[in-house]
Amino acid sequence: MTTQTLSGSDHLLDNLQDEVVYWANQAHPGRTAESTMLKLFEEIGEMISDPKDASEYADVIIMLLDIAWQNDIKGTNLEIAVRNKMQINRAREWRVTKLGTLKHE
């Protein structure tokens, strides 16, 4: 499989995002961040329906990478944001809600 890279980066998320955007630009050049978000919600529903299927998680990640690109957020910046957010999350106090979800104080 040949992939097209746009950034020329050695970073995994940059390369994945390049591949996603190259495909998305060919498959749906008129898409918007809003239309891609609607597709993301559809993909999340499929992931919920089949949580053991890794390809459903992949679909969600594909949509997220495309939406990020449409909002001028590059893969490397996503990696930095996730690492920074994890540092914040580790420092927070967390509790389990009545619904069984986590909520920070």
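Any read-out appearing in this document is the output of simple, stated calculations on the displayed coordinates, not a laboratory observation. Not measured: the values here are computed from a predicted model. Cβ sites come from the backbone with ideal geometry, for glycine too, and all protein chains shown count toward neighbours.
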#### Entry: Nearest-20 debye value, the chain charge dipole, Cβ charges on Lys, Arg, Asp, Glu
620 debye
### Message
Compute the helix-to-body angle for 54-70: its Cα long axis versus the longest principal axis of the chain, expressed 0 to 90° and rounded to tens.
### Response
70 degrees
### Summary
For the T32, M86 Cβ pair and Förster radius 25 Å, calculated FRET efficiency rounded to 0.05 is 0.25
### Query
Ranked by Cβ crowding within 10 angstrom, fewest neighbours first, how are D50, D14, D59 ordered?
D50, D59, D14
### Message
Please enumerate, by chain and number, the aspartates and glutamates with C-alpha under 15 Å from the C-alpha of K103, excluding those fewer than 8 residues away in the same chain.
### Response
E93
### Message
Name the residue from L99, F41, Q70 whose Cα lies farthest towards the positive end of the charge dipole of the chain, charges +1 on Cβ of Lys and Arg and -1 on Cβ of Asp and Glu.
### Response
L99
